[in-house]
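Asks: Take a look at the following structure, please.
Read the figures in this text as sums done on the coordinates, not as results from a lab. What you see is a predicted model, and the numbers here were worked out from it, not measured in a lab. Ideal geometry is used to build each Cβ from the backbone, glycine not excepted, and the neighbour counts take in all protein chains shown.
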Amino acid sequence: MSGKFVVGYDDSSPARRALDFALDKAARQGGSIVLAHVMEWSPYTFLTPEELEERHARRKQEIARAETAIMGPVKDKLAKVDVPVETIITYGHIAEKLCEIAKQTGATQMVIGRDGNSALVSRVFGSTAGTLVQIAPVPCTIVP
Amino acid sequence: MRIVRKDNSMIFRLCAALAAYFAAALPAAAQGLDQAINQAFADYTGWYVSLIFAPIPGTNFSWIAMWLVVAALIFTFYFGFIQFKGFVHSIKLVKGDYSDPNDAGEVSHFQALATALSGTVGLGNIAGVAVAVGIGGPGATFWMVIAGLFGMATKFTECTLGVKYRNEYPDGTVSGGPMYYMVKGFAERGLKGGGIFAVLFCIFTILGALGGGNMFQANQAHAQLAGVIGDYPGWITGVFLAGITFAVIVGGLKSIARVTEKVVPFMGIFYVVVSLLILIMNYDMIGWAFGQIFVGAFTGLGVVGGFTGALIQGFRRAAFSNEAGIGSAAIAHSAVRTKEPVTEGYVALLEPFIDTVVICTMTALVIVISGVLNVDPETGLYIWNAEAGRISTEGEVVGVALTSAAYARALPWFPVLLAVAVVLFAFSTMISWSYYGLKAWTYLFGEGKAKETVFKVIFCVFIVIGAAANLGPVIDFSDAMLFSMAIVNIIALYLLMPIVKRELGSYVSRLKSGEIKKFN
C-alpha cells in the first residue's frame with residue numbers, strides 16, 4: 001500500500017530525524033511526502049496600529065524566509081531521493097494546522113519530531129506532539 | 001578604572017544637580033509658561049473653540065454634538081438599520097467564520113477591531129459617563145445608549161470607505177483613512193475638492209492627536225494618579241509617560257506597545273466583570289436603577305433641564321466617547337486583509353456597541369446603584385448643586401473621581417486599580433493617536449524617517465506639557481480640532497455614502513446567493 005506522509009518540519013534536528021524516518025518509510029512503500037512548515041499564529045492576538053499596517057509585508061518576508069532558511073536546506077537532500085515531495089508553508093496553531101493538512105491532502109500518516117521539552121515546560125505551554133496525539137485524524141508517529 | 005569611576009560620579013552629581021534645579025525651577029517656570037500659553041491660545045483660538053462648541057440657539061446643546069447625532073440617524077436610515085440587521089453577521093466575521101484559511105497570518109477582523117477599540121475605550125467610558133450622569137441624571141444613560149446604537153451606522157460607513165480606498169504600496173504596507181477616501185472617492189464620483197478636504201482633515205487630525213489624543217490623556221492620567229498617591233508635580237508623570245512613549249514610537253521598542261495592547265483589552269474586560277459583580281451584589285436594585293434610567297430619560301427626575309438635560313448630556317458623552325464620525329477608526333481599520341471592504345464596516349459597527357452600549361452603561365449603572373448621587377430623602381429627587389451646575393454628589397466629586405467613589409463603595413480597593421487602568425487606557429489611546437497623527441503628518445509632508453521623527457518628538461514633548469500644565473484653552477482648542485475632523489469627515493461620508501450602499505447591496509446579494517461562502 002502506498003501512503004502519503006505529512007511531516008511537520010522546522011529544520012530542527014528532531015524535525016530532520018522525523019523527515020528521515022518518513023522518507024525511509026515512503027521509499028519502501030512507494031509513497032509520497034507532504035513537508036509542512038507551520039508558523040504559530042492566532043487571529044485573536046493584539047497588535048499595535050503600526051503592526052497592523054506592516055503585517056502584510058511582514059507576512060511576505062516571513063514566508064520568503066521560511067522558504068530559503070527552512071525549506072531551502074532540505075531541497076538538495078530531497079532532490080537525491082526517489083520520493084515525491086510536496087512542500088507547504090502556512091500559518092496557524094501548529095498541531096491543528098497539521099491535522100487540517102493531513103485531512104486536505106488525504107494523508108495516511110503523520111510524522112513529527114519531538115522537541116524533548118521538560119515535563120514542566122510541556123505542562124505549562126503544551127507540546128505540539130502531545131496535542132497532536134490527542135487530535136490526529138490519522139495514525140501519528142512521533143520520532144524522538 | 002578609578003578615573004572612569006570619578007568621571008561617572010561627576011556626571012552623576014551633575015545630573016543630580018540639574019534634576020534638583022529643574023525640580024525647583026520647572027514648576028515655577030511651567031506656571032509662568034502656562035499662563036503665557038493659555039493667554040495666547042485664548043486670544044487667538046478662543047473664537048474658533050466658541051464656534052465649534054456653540055450651542056444651538058435657545059438650548060445648551062452644542063451644534064457639533066447634534067451634527068454627529070443627526071449623521072448617525074441619517075446613516076442608520078440610509079443603510080436600513082444595518083447595526084441591527086447585520087449584528088449577528090458582524091460577530092460571525094469577527095469570529096473568523098468568513099476568513100479564508102489561506103489568508104492566515106494576515107491582519108484578521110478581530111485584530112483590527114481590538115486595535116481600534118484600544119484607541120477609543122478609555123477616559124470617555126470612565127470619566128465621561130460620570131460627567132453625563134452627574135449633570136443629566138440617570139436618564140442621560142438612556143440617551144447615551146441610543147446615541148451609541150445609532151453611531152454604529154456611522155462607524156460602518158467610514159470604515160467601509162477606509163478599506164475601500166486605502167493605498168497599498170509595493171512593499172506590502174497599507175495606508176488608509178478619511179484623507180484617502182476623500183481624494184479617491186471624490187474623484188470616482190466626479191466631485192471636486194477632495195484634495196482640500198484631505199488636507200484640512202490632516203491638519204485637524206494632527207492638532208487633535210496632540211490635544212485630545214495626547215495632552216488630555218496625560219493630564220487626566222496624572223489627575224487620577226495624584227488622587228491615589230497624593231499630589232505631586234505633573235511634569236513627573238509627563239516625563240515618565242513621554243519617556244515610555246518615546247521608547248515605543250521613536251525607539252521602536254515595540255514590546256511595550258505590544259504589552260499594553262494585550263493588557264488594555266483585559267483591563268476592559270476586567271472593568272466590565274467588576275461592574276457586573278457590583279450589579280450582582282446589588283441585584284435587588286437593578287430593576288430600580290433601570291427604572292431611574294427610563295423615567296429619568298423622559299422626565300429628568302427633577303434634575304434641572306429635565307428631559308432635555310438628560311438628552312443633551314447623553315448624546316454629547318456618547319458622541320465624544322466612541323469617536324463615530326471623527327474618522328480616526330477608519331485609519332485603524334484599513335489594514336485588515338479582506339477582499340470585501342463592507343466586511344470591515346460590519347466589524348467596525350461593533351465598536352460603538354462595546355464602547356458605549358456595554359462599557360458606558362456599566363459605569364452608569366454602578367454610579368446610579370452606588371448612591372453617590374445625593375437624593376433628597378423627602379422628595380426622593382436628586383439634590384441639585386446649582387453653584388456647580390450638577391447633581392450634588394458624595395464629597396462633591398466629579399469625573400473620574402465620581403466613578404472611583406461609586407466603585408469604592410462596593411469594593412474599597414478599586415480606586416488603586418482604576419488608577420492603573422486609567423494610566424494604561426491613556427497610554428494606549430496616546431499610542432493609537434500618535435499613529436493617527438503620524439499618518440496625517442506623512443500625508444501632508446511625505447514619508448521619510450527624519451520627517452516622521454520630527455512629529456514623534458513633538459508628540460512626546462506635548463505629553464509633558466499636557467501632564468504638567470492646566471492648559472484649559474489649549475485643551476479646548478485641541479478638542480475643537482478633534483470635532484473639526486468630524487465636520488469634514490461627515491461631509492465626505494454624505495457625499496460618498498452611495499458608494500457604500502452599492503458595496504453593501506452587492507455584498508448582501510452575493511452572501512445570499514452563496515457566492516461568498518463560510519469557511520468555518
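Asks: How many angstrom separate the Cα center of the stretch B:153-211 from the Cα center of the stretch B:416-455?
Replies: Rounded to whole Å, the Cα centres lie 18 Å apart.
Asks: Shifting gears a bit: Once phi is turned into θ = phi - 60°, what whole-Hz ³J(HN,Hα) does the Karplus curve with 6.51, -1.76 and 1.60 give for every residue of the stretch B:188-199, x standing for Gly and Pro?
Replies: 5, 8, x, 9, 9, x, x, x, 5, 4, 4, 5
Asks: In percent, how large is the relative contact order of chain B, given Cα pairs closer than 8 Å and 6 or more residues apart? It would help to have the intermediate numbers written out before the result.
Replies: Values: 827 pairs, mean separation 170.0, N = 520.
It rounds to 33 percent for chain B.
Asks: Give me the number: length gained by fully extending B:Thr379 to B:Gln39, i.e. 0.36 nm times residue separation minus the C-alpha to C-alpha distance, one decimal in nm.
Replies: Values: separation 340, 0.36 × 340 = 122.40 nm, distance 4.55 nm.
Contour length minus Cα-Cα distance gives 117.9 nm.
Asks: Moving to a separate point now. Could you give the nm distance between label points at B:Asp231 and B:Lys95, where each point is 7 Å from its Cα heading toward the beta carbon?
Replies: 5.4 nm
Asks: Quick check for me: using +1 on Lys/Arg Cβ and -1 on Asp/Glu Cβ, what's the dipole size of the protein assembly as shown about its Cα centre, in debye to the nearest 20?
Replies: 1560 debye
Asks: OK, next. Per-residue Cβ counts within 10 Å, from other chains only, averaged over B:98-106: what number is that?
Replies: What the average comes to for B:98-106 is 5.
Asks: According to a simple spin-label model (label point 7 Å from Cα along Cα-to-Cβ), what is the distance in nm between B:Phe294 and B:Trp47?
Replies: Going from the B:Trp47 label point to the B:Phe294 one covers 5.0 nm.
Asks: Something else about it: With no solvent and one point on each alpha carbon, what is the Debye value of log10 I(q)/I(0) for the protein assembly as shown at q = 0.05, 0.08, 0.10, 0.11 Å⁻¹?
Replies: Computed log10 I(q)/I(0) values: -0.29, -0.69, -0.99, -1.14.
Asks: Per-residue mean of other chain beta-carbon atoms within 10 angstrom of the beta-carbon, peptide B:107-115? Write out the running numbers ahead of the final one.
Replies: Numbers: counts 10, 7, 1, 5, 9, 4, 0, 5, 7.
The shielding value for this peptide is 5.
Asks: If each residue's Cβ is checked for other Cβ atoms within 10 Å, how do B:Met182, B:Met215 rank with the fewest at the top?
Replies: Numbers: B:Met182 31, B:Met215 26.
The fewest-first ordering by Cβ neighbours comes to B:Met215, B:Met182.
Asks: Hey, another quick one. Given a Förster distance of 51 angstrom, what is the FRET efficiency for B:Leu444 paired with B:Ile269, based on the Cβ-Cβ distance and rounded to 0.05? Please report the intermediate quantities before stating the final value.
Replies: Values: r = 38 Å, r/R0 = 0.74.
It comes out at approximately 0.85.
Asks: Given H placed on each backbone N at 1.01 Å, which residues far from A:Ser32 in sequence or on other chains put an amide H within less than 5 Å of it?
Replies: Correct list: A:Gly3, A:Lys4, A:Phe5.
Asks: Pick out, from B:Gly268, B:Thr45, A:Val7, the residue whose Cα sits farthest towards the positive end of the charge dipole of the protein assembly as shown, with +1 on the Cβ of Lys and Arg and -1 on the Cβ of Asp and Glu.
Replies: Towards the positive end, the residue furthest out is A:Val7.
Asks: For A:Cys140, list long-range residues whose amide hydrogen, built 1.01 Å from N in the peptide plane, is under 5 Å from its own amide hydrogen.
Replies: Result for A:Cys140 returns A:Met110.
Asks: For chain B, which span is the longest to avoid every loop-located (per DSSP) member of GluC sites (Glu not before Pro) having at most 15 other Cβ atoms inside 10 Å? Walk me through the intermediate numbers first.
Replies: Values: sites that count: B:Glu378, B:Glu387, B:Glu447, B:Glu515.
Between the exposed loop sites, the longest stretch runs B:1-377.
Asks: How many Cβ atoms of partner chains, on average, are near each residue of B:433-446 if near means within 10 Å of its Cβ? Write out the running numbers ahead of the final one.
Replies: On the way: counts 1, 2, 5, 1, 0, 2, 2, 0, 0, 0, 0, 0, 0, 0.
Mean inter-chain Cβ contacts per residue within 10 Å come to 1.
Asks: Quick one: compute the contact order of the stretch B:46-157, relative version, from alpha carbon pairs under 8 angstrom and 6+ residues apart, as a percent. Please list the in-between numbers first.
Replies: Working: 59 pairs, mean separation 39.2, N = 112.
Value for the stretch B:46-157: 35 percent.
Asks: Pulled fully out, how much extra length does the chain show between B:Leu276 and B:Asn520, if you take 0.36 nm times their separation in residues and subtract their Cα-Cα distance? Before the final figure, lay out the partial values.
Replies: Values: separation 244, 0.36 × 244 = 87.84 nm, distance 3.20 nm.
So the extension gain works out to 84.6 nm.
Asks: Considering amide H positions built from the backbone, and no H for Pro or chain starts, which residues 5 or more places from A:Ile89, or on another chain, come under 5 Å of its amide H?
Replies: A:His37
Asks: Counting pairs of alpha carbon atoms under 8 Å apart in space and at least six apart in sequence, what relative contact order in percent does chain A give? Can you show the working numbers first?
Replies: Details: 219 pairs, mean separation 49.8, N = 144.
Worked out over chain A, it gives 35 percent.
Asks: Show me, for the stretch A:63-79, the HN-Hα J-couplings you get by feeding each phi into the Karplus relation (A = 6.51, B = -1.76, C = 1.60, θ = phi - 60°), rounded to Hz, glycine and proline as x.
Replies: Couplings: 5, 4, 5, 4, 5, 7, 7, 9, 7, x, x, 8, 4, 4, 4, 5, 5 Hz.
Asks: Okay, next question. Using the Karplus curve 6.51 cos²θ - 1.76 cosθ + 1.60 with θ = phi - 60°, what ³J(HN,Hα) values do you get for each residue of the stretch A:15-32, in whole Hz, with x for Gly and Pro?
Replies: Residue by residue, the stretch A:15-32 yields 5, 5, 5, 4, 5, 4, 4, 5, 4, 4, 4, 5, 4, 5, 8, x, x, 9 Hz.
Asks: Arranged by the count of other C-beta atoms within 10 angstrom, fewest first, what order do A:Cys99, B:Cys360, B:Cys159, B:Cys460 take?
Replies: Values: A:Cys99 21, B:Cys360 30, B:Cys159 34, B:Cys460 24.
Least to most surrounded, the residues fall as A:Cys99, B:Cys460, B:Cys360, B:Cys159.
Asks: Near B:Lys501, which lysines are there with a Cα under 28 Å away, not counting those fewer than 8 places off in the same chain?
Replies: Candidates past the 8-residue exclusion: B:Lys85, B:Lys92, B:Lys95, B:Lys155, B:Lys164, B:Lys184, B:Lys192, B:Lys339, B:Lys439, B:Lys512, B:Lys517, B:Lys518.
Asks: Continuing with this model, one more query. Under the rule of -39500 (n - 2.57) per DSSP H run of 4 or more residues, summed and divided by the residues of the protein assembly as shown, what mean residue ellipticity at 222 nm is obtained, to the nearest 500 deg cm²/dmol? Provide the component values of the computation, followed by the final result.
Replies: Numbers: 27 runs with 445 residues, N = 664.
Calculated mean residue ellipticity at 222 nm is -22500 deg cm²/dmol.
Asks: Separate question: Within 10 Å of each residue's Cβ, count the other Cβ atoms and sort A:Thr131, B:Thr120 from fewest upward. Could you put the intermediate results ahead of the total?
Replies: Details: A:Thr131 16, B:Thr120 27.
So the residues, fewest neighbours to most, are A:Thr131, B:Thr120.
Asks: What's the percent breakdown of Cα-Cα distances in the stretch A:4-143 across 5 Å bins, shortest bin first?
Replies: 2, 10, 18, 22, 19, 14, 9, 5, 1, 0, 0
Asks: On to the next question. Under 18 Å Cα-Cα from A:Lys77, which lysines qualify once same-chain neighbours fewer than 8 residues away are excluded?
Replies: Cross-link targets: A:Lys25.
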